[in-house]
Amino acid sequence: MPDRPTIFALSSGRPPAAIAVVRVSGPRAGIALEKLIGRLPEPRKAALARVRDPQSKDIIDEALALWFPAPRSETGEDVAELQLHGGHAVIAGVFEALAAIEGCRPAEAGEFTRRAFENGRLDLTAVEGLADLIAAETQAQRRLAFRQLKGLIGDRAEAWRRRLVEALALVEARIDFSDEADVPEDLLGPALYAAQQLRDEIAGVLADGRRGERLRNGLVVAIAGPPNAGKSTLLNRLARREAAIVSPHAGTTRDVIEVHLDLDGYPVTLLDTAGIRDSAEPVEQEGVRRARERAAAADLVLWVIDPSAGGLPVNEYPENLANTDIWLVRNKIDLADTSSCTHAANLSSSEYKFTLSISALTGVGMEALTAALSAHAKAYFAATESVVITRARHRYALEETMAALDRALARDHVNGEELIAEELRAAATTLGRLTGRVDVEDILDVIFRDFCIGK
Ligand code: GDP
């Protein structure tokens, strides 16, 4: 596309910084580089060069220049890269010079990556992997994102799609040549066998306990319990900063506060839920409703009680936590003799996987709690090495594929060739949507929206 705009952007972090990387991509990238440094360096070799304003010939900076002719570049287009000194005025000077070149304009968010996708350098799942790699906060997230960037799900989906197309070809041959004597009767058998195998492989990938999605977002641990039990104090101590407002008045934490932790390389999202209790006040009711909802969706609940205040009123026990692990955290052990507390004995301890005694205020018992959380996260994510799916979008596409395969397999084999072919085609299409091979305009904007400018 020769008349396509050439785009440029700062691809490195916020200035001022030691170095600023400015990237230029598009048909006029070579011309732009020549105008700025007076020549084109040898492809893919760093060259030291004076960067001048093309009009005034003023020296803007001295930089390392790189030239990546199409198609062997990040975007698949001609790409020029300058590694400048990372000052505001340097960058502004280079931008001004670039903007003055005909056909050049600043890039929009994610535009480099979008071009890489459009030129077939990355499939859609790799684009998502790239976004995740940039956003990764922990080492486990980084590993998964990198594997996705390198085709963890994309390559597999493409291989599945190819096998499906082969199966489809068999069915279509059977339809087209059904009247001819020399076409083998049983083309359908091998096609359906292949479909069955694919179906089972996809089912295996789907049965991953959503660990990949969890790893992207963090294992969710909700801190819940009656008001004033010390939930906010505990959250602060775990987060080691003033993330939640600690107040001696009951019911001050009305909304849900979220803190992201890195526990031994694994991401954990802590939620401080508003004091779960019934209230007549509408604002508080809303907080309680949200707290219950978030706690119910959590992977683990730390149910915090203050045994010195009478323990856990039974009617406040969150009934909808049936499928969530719950640990009982007896807080404020620095206060009076809690062993005399009778309420704690009322709890049916079998409901809890684990009981800990701590003082969120003084820090006693916190090490044991953190160690237990780390071990839990580690055990939970241990299986992620085999995980393939990292997003709801992937899961949805694979579920659709499997549903289409199931429909194909359920058809009447004798007279159902046309319908079987139709379902196999539908399955191939949903796999194509997963990697972005077919008809994905509607989801592109959503995916690229998350990128920053210069990427
Ligand atoms: P929340 O309503 O459950 O979030 O409770 P807060 O964290 O706001 O704590 C309520 C009150 O209990 C505050 O005055 C805290 O300082 C106090 N508190 C929290 N943890 C402890 C603890 O371990 N020991 C003592 N003595 N007080 C605590």
The lone exception for Glu441 - which of (1) modelled with pLDDT of 95 or more; (2) surrounded by fewer than 16 Cβ atoms within 10 Å (Cβ to Cβ) it fails: (1)
Test result for Phe95, open to solvent by 50 Å² or more (accessible area, probe 1.4 Å), closer than 14 Å to Leu33 by Cα and either modelled with pLDDT under 95 or of a type in the set (A, V, I, L, M, F, W, C) (or both): yes
Only listed residue being modelled with pLDDT under 85, within 16 Å of the ligand (Cβ to nearest atom) and open to solvent by 30 Å² or more (accessible area, probe 1.4 Å), chosen from Ile175, Ile245: Ile245
Residues that are more than 16 Å from the ligand (Cβ to nearest atom) and either modelled with pLDDT of 85 or more or open to solvent by less than 30 Å² (accessible area, probe 1.4 Å) (or both), drawn from region 217-233: Gly218, Leu219, Val220
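Residues are listed down the side, and each one gets a yes or a no for (1) within 16 Å of the ligand (Cβ to nearest atom); (2) assigned to a strand (DSSP E or B); (3) modelled with pLDDT of 70 or more:
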residue: Arg289; (1), (2), (3): no, no, yes
residue: Glu293; (1), (2), (3): no, no, yes
residue: Ala296; (1), (2), (3): no, no, yes
residue: Leu302; (1), (2), (3): yes, yes, yes
residue: Asn323; (1), (2), (3): no, no, no
residue: Val329; (1), (2), (3): yes, yes, yes
residue: Ala344; (1), (2), (3): yes, no, no
residue: Leu356; (1), (2), (3): yes, yes, yes
residue: Ser359; (1), (2), (3): yes, no, yes
Val205 vs. criteria crowded, with 20+ Cβ neighbours inside 10 Å, within 16 Å of the ligand (Cβ to nearest atom), among the β-branched types (Val, Ile, Thr) and at pLDDT 85 or above: no
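Can you tell me which of Ser73, Ser56, Ser12 is of a type in the set (Ser, Thr, Tyr), exposed (fewer than 15 other Cβ atoms within 10 Å of the Cβ) and part of a loop (DSSP other than H, G, I, E, B)? Before you say what the answer is, go through the steps one by one.
Working: Ser73 fails: exposed (fewer than 15 other Cβ atoms within 10 Å of the Cβ); Ser12 fails: exposed (fewer than 15 other Cβ atoms within 10 Å of the Cβ).
Checking each option against the conditions leaves just Ser56.
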Pair list, Cβ < 6 Å and 6+ apart or interchain, from region 284-304 residues that are on the phi < 0 side of the Ramachandran plot and among the small types (Gly, Ala, Ser) to residues that are within 13 Å of the ligand (Cβ to nearest atom) and at pLDDT 70 or above: Ala291/Thr273; Ala295/Ala222; Ala295/Ala224; Ala295/Thr273; Ala298/Ala222
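The values are calculated or read from the model by the stated rules, or taken from the named source; none is laboratory data. In this text the structure is predicted, and so the values were computed from the model without any measurement. Backbone-built Cβ (ideal geometry, glycine too); neighbour counts: all protein chains shown. When the accessible area is computed, the model is the full protein with side chains, heavy atoms only, and any ligands, DNA or RNA have been set aside. Shrake-Rupley method; radii C 1.70, N 1.55, O 1.52, S 1.80 Å.
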